[in-house]
There are 6 protein chains.
Amino acid sequence: MATVKIWTDAEAEADARVKAVFDDIRATRKTDFVNNVWRALANQPAVLESTWAQVKAVMAQPGALDPLTREMLYMAVSISNGCEYCVHSHTASARAKGMTEEMYAELLAVVGLASQTNALVTALQVPVDPEFKV
Amino acid sequence: MATVKIWTDAEAEADARVKAVFDDIRATRKTDFVNNVWRALANQPAVLESTWAQVKAVMAQPGALDPLTREMLYMAVSISNGCEYCVHSHTASARAKGMTEEMYAELLAVVGLASQTNALVTALQVPVDPEFKV
Amino acid sequence: MATVKIWTDAEAEADARVKAVFDDIRATRKTDFVNNVWRALANQPAVLESTWAQVKAVMAQPGALDPLTREMLYMAVSISNGCEYCVHSHTASARAKGMTEEMYAELLAVVGLASQTNALVTALQVPVDPEFKV
Amino acid sequence: MATVKIWTDAEAEADARVKAVFDDIRATRKTDFVNNVWRALANQPAVLESTWAQVKAVMAQPGALDPLTREMLYMAVSISNGCEYCVHSHTASARAKGMTEEMYAELLAVVGLASQTNALVTALQVPVDPEFKV
Amino acid sequence: MATVKIWTDAEAEADARVKAVFDDIRATRKTDFVNNVWRALANQPAVLESTWAQVKAVMAQPGALDPLTREMLYMAVSISNGCEYCVHSHTASARAKGMTEEMYAELLAVVGLASQTNALVTALQVPVDPEFKV
Amino acid sequence: MATVKIWTDAEAEADARVKAVFDDIRATRKTDFVNNVWRALANQPAVLESTWAQVKAVMAQPGALDPLTREMLYMAVSISNGCEYCVHSHTASARAKGMTEEMYAELLAVVGLASQTNALVTALQVPVDPEFKV
């Protein structure tokens, strides 16, 4: 259950600002499916608009990192932050963008290992090597 | 300052278990540089051995994800966990493995965006879409 | 599902220490509703008593910050810590204390932005400006 | 030490995109002081521009929450995320916007209490009360 | 719902690598019960094998800390990381290894207090006392 | 550097409320050493008093868990929360209460392993086994 109303398509159609964002999500992603995060953000049109603008700019434009790598980085952050919804949505997106089971297994191994060594380093308060200085 | 002694090369040479790990780090990485995390873990040989064995297995073997992608995933987790040393060491490693400034900028954009949307989704307690179910 | 029993009113009535806390919660909040966190803490009377004493001292006494501001700070922490129950209970409390939809939208924008810039700053390991020193 | 170069004023003056953002920060805040986070972000102009645009939109425009309340929410998130630089910069900003020692003491009490009850609720896995449902 | 298939006993029996791990879990723990984390990890045999090897080495071998203390430390980390499944499984394990209600109440008190003082210390950015230096 | 003044002994002597807490810390711990967290909290006497009262109640009274176990639980939480000062102070306290190097190595192994499996379980969104239900 959410802390806010999850907007239906009919409700979104009746609000110009929300409709504009939903239309752009559909056009950009080439699918009719609008997932729940946008239906929840619809309650705050300004937050909806700025969030979608950022997601579009960061995730949907060509660049130095390919779309799958960006999606896997999103997964890694979402796992570390313990965000259930985000883990589900970005794991699904990564699979849609070509993440194989072998890649997924390696991502899990890296995320698990990093979580472990992060904890050990924090426990030991390891000083930063001068060699790492910029 | 660390919570434990940071081992010098001389101290490491004098301990068979520590020496074996340090030698393998140097051989695997083809460099004489052994960074501080290993010099801190040297106080607990069993933890040192098992941690290095995992790092070697997860990061140094060929697989479906290229070494730079794995390193950037490590960076993403380290940033999310707020581990200062880990951020420094894995940013340096990613650069050594070919991360350009453009790639770094995109990684920052993804990690920043993910942190933001993770927080929004948690605030709104967005329910998982049935479409994401396996 | 909880890791402990959720106490019913009948069970709470039958235990003098738990009854005393529940009675004080109802008197302080001027409502018969006692939410689940207290029914879960009832299994450990000492933790129940000290937790309620702190909540009463920190949240229910007049001070320099008005009750709604305190509740929104509670929300911000609960979102950052990813505590589902706490997000729900404190969002409901903030609404009961007068948080409008416009305020909620601005709180979400601040919390989202802060989460993003926290991640960027951690990624870049920005040194603290001398101007911020006390 | 940062993972990137901290730009001097001279370097910023010589780059049109960076100069434009620094000029706008100075004009918006009515001070010549540009703190280090912007000097670190200057290495990635696109991230610099979008981050400043968001900070300006979320923190510097009039709205339902007064500037001090927004700054204290920023503090609460920064503390919860353990971001040293952010804690310093936003504590300084909150003081500049009028946070008294009494308000600061109450903020600390709320943030400390919330951190404690978040942990207790997570430990007990307390089920969300139906009364909190939207 | 998981992001991966939860393996049944029949499926595990049909895969040699998974069967070997499940057999060892049952033999080591002296119970036929194999909990869901292993059934989820079964999708990635390499991660399954290395995770079980570590759990067996760290949790099931005699050492300086008794099994209950190790399990309570596992609980403390799992609570701090907000991992629902982990809180449930390790609370159940701690009870199975002899954690009484009185011990549980004290663990809760310590974890709650530590979470609170961690937040206060981070808010105040308390400098480390020279007396704590190794 | 702290966000507040670190009180000297002379300053503490001159303030009745602060002096009372410092005196009690010294009497309870049987040492003249008052570490920095209390000197930072001295700026907010109400927070100082309530925090010390809780620390004394939770950590200094006899109970079902021995003092060293409580201190190691405090360490585990502090590591997971990434609190540098807290890691230092509670590692020092645990050593003072008898934590051997062997115990420390095992604590590190458990905390590292728990951090790793927490991440894996979150990544896979493993459903809670019905067997764990209370």
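Among the residues of the stretch A:85-98, those identified as surrounded by fewer than 21 Cβ atoms within 10 Å (Cβ to Cβ) and not small (Gly, Ala, Ser) are A:Arg95, A:Lys97.
Among the residues of the stretch D:112-123 satisfying the criterion of being touching a Gly at 6+ places or on another chain (Cβ under 7 Å) and away from chain F (no Cβ under 11 Å), which is surrounded by the fewest Cβ atoms within 10 Å (Cβ to Cβ)? Steps first, answer last, please.
Step one: filter the stretch D:112-123 for residues touching a Gly at 6+ places or on another chain (Cβ under 7 Å), giving D:116, D:119-120, D:122.
Checking which are away from chain F (no Cβ under 11 Å) leaves us with D:120, D:122.
Numbers: D:Leu120: 24, D:Thr122: 26.
Here the residue is D:Leu120.
The sole residue among B:Thr51, B:Thr3 that is of a type in the set (Ser, Thr, Tyr) and not in a loop (DSSP other than H, G, I, E, B) is B:Thr51. Of all residues in the stretch B:38-47, those satisfying the criterion of being in a helix (DSSP H, G or I) and buried (at least 24 other Cβ atoms within 10 Å of the Cβ) are B:Arg39, B:Ala40, B:Leu41.
If only one of C:Gly63, C:Gly98 is of a type outside the set (D, E, K, R) and under 25 Å from A:Ala46 (Cβ atoms), which one is it?
It is C:Gly98.
Restricting the stretch B:58-73 to residues that are modelled with pLDDT of 95 or more and more than 8 Å from chain A (Cβ to nearest Cβ) leaves a set whose member that is surrounded by the most Cβ atoms within 10 Å (Cβ to Cβ) is B:Glu71.
Within the stretch B:74-92, does at least one residue satisfy the condition of being over 20 Å from the mean Cα position of the chain (by Cα) and within 8 Å of chain A (Cβ to nearest Cβ)? Taking every residue of the stretch B:74-92 in turn, none turns out to be over 20 Å from the mean Cα position of the chain (by Cα) and within 8 Å of chain A (Cβ to nearest Cβ).
Test D:Gln44 against the stated conditions and say whether it is under 28 Å from B:Thr100 (Cα atoms) and modelled with pLDDT under 95. Considered against the rule, which asks whether it is under 28 Å from B:Thr100 (Cα atoms) and modelled with pLDDT under 95, D:Gln44 comes out as yes.
Each residue in the stretch C:8-34 was checked for being more than 14 Å from chain E (Cβ to nearest Cβ), more than 17 Å from D:Thr117 (Cβ to Cβ) and outside any helix (DSSP H, G or I), and 6 pass. In the stretch F:101-119 there is no residue matching the filter, namely being small (Gly, Ala, Ser) and within 15 Å of the chain's Cα centre (by Cα). Of the residues making up the stretch B:68-100, just one is among the acidic types (Asp, Glu) and without any contact (Cβ under 8 Å) to a residue 12 or more places away in the chain, namely B:Glu84. With respect to (1) in contact with a Ser or Thr (Cβ under 6 Å, 6 or more places away or on another chain); (2) at the interface with chain C (Cβ under 9 Å from one of its Cβ atoms), the lone exception for D:Val37 is condition (1). Here A:Val126 fulfils each of the conditions (1) among the hydrophobic types (A, V, I, L, M, F, W, C); (2) buried (at least 23 other Cβ atoms within 10 Å of the Cβ); (3) in a helix (DSSP H, G or I) apart from (3).
Yes/no per residue for (1) touching a helix residue (DSSP H, G or I) at 6+ places or on another chain (Cβ under 9 Å); (2) in a helix (DSSP H, G or I); (3) under 22 Å from D:Gly82 (Cβ atoms):
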{"position": "E:Leu65", "(1), (2), (3)": "yes, no, no"}
{"position": "E:Leu68", "(1), (2), (3)": "yes, yes, no"}
{"position": "E:Met72", "(1), (2), (3)": "yes, yes, no"}
{"position": "E:Val77", "(1), (2), (3)": "yes, yes, yes"}
{"position": "E:Cys86", "(1), (2), (3)": "yes, yes, yes"}
{"position": "E:Arg95", "(1), (2), (3)": "yes, yes, no"}
{"position": "E:Glu102", "(1), (2), (3)": "no, yes, no"}
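F:Thr28 falls short of the stated requirement of being under 25 Å from D:Tyr85 (Cβ atoms), among the hydroxyl-bearing types (Ser, Thr, Tyr) and modelled with pLDDT of 95 or more. In this structure, is E:Thr8 at pLDDT 95 or above, of a type in the set (S, T, N, Q) and crowded, with 19+ Cβ neighbours inside 10 Å? No; evaluated as a whole, the condition is false for this residue.
Just checking, how many residues over the stretch A:101-111 are under 17 Å from E:Ala2 (Cα atoms) and either surrounded by 18 or more Cβ atoms within 10 Å (Cβ to Cβ) or more than 9 Å from chain E (Cβ to nearest Cβ) (or both)? Step through it out loud before you land on a result.
Of the residues in the stretch A:101-111, the ones under 17 Å from E:Ala2 (Cα atoms) are A:101, A:104-105, A:107-108.
Next, only the ones that are either surrounded by 18 or more Cβ atoms within 10 Å (Cβ to Cβ) or more than 9 Å from chain E (Cβ to nearest Cβ) (or both) stay: A:104-105, A:107-108.
Number satisfying all stated conditions: 4.
Test A:Val55 against the stated conditions and say whether it is within 8 Å of chain B (Cβ to nearest Cβ) and modelled with pLDDT of 95 or more. The answer is yes for A:Val55.
The values are calculated or read from the model by the stated rules, or taken from the named source; none is laboratory data. Please read these numbers as outputs of a predicted model, since none were measured by experiment. Note that we place each Cβ from the backbone using ideal geometry, even for glycine, and neighbour counts take in every protein chain shown.
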